[in-house]
Amino acid sequence: MVDALNLGRRLRVRSTAYVAGEQLPFFWPIRNFISRNPLRGLESMPFEQAVRRGAELFHARMFLPRSNYQQWQREG
């Protein structure tokens, strides 16, 4: 009979091998974040135009406020 500690180690090795054998997706590591292109469908437009259109569609800001960039520039 296998003791619980040995069984735990065997299961950990088995699960690690299973995960290591998974095919890597193009946007690795997909488990840690979700990737979405909010401008999908606007690729035919120049970037600035697509961003403006995206801001209209999603009621979002195109860029961070200028004060953020100015502060980061002061901080180096």
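Could you order Y69, Y18 by accessible surface area, starting with the largest, using a probe radius of 1.4 Å?
Order by accessible area, largest first: Y18, Y69.
With every protein chain left in place and a probe of 1.4 Å, what is the accessible surface of L39, to the nearest 10 Å²?
40 Å²
In what order, largest first, do E56, E22 sit by accessible area if the probe radius is 1.4 Å? Let's see the in-between values first.
Working: E56 110, E22 75 Å².
If we order E56, E22 from most to least accessible, we get E56, E22.
How would the range 35-74 be classified by its alpha-carbon gyration tensor: rounded, prolate or oblate, with rounded meaning a/c under 1.5 and the a/b versus b/c comparison settling the rest?
It comes out prolate by the Cα gyration axes.
The values are calculated or read from the model by the stated rules, or taken from the named source; none is laboratory data. Keep in mind that this is a model prediction, so the values were computed, not measured. These accessible areas exclude ligands, DNA and RNA; they are computed on the full protein's heavy atoms, side chains included. Shrake-Rupley method; radii C 1.70, N 1.55, O 1.52, S 1.80 Å.
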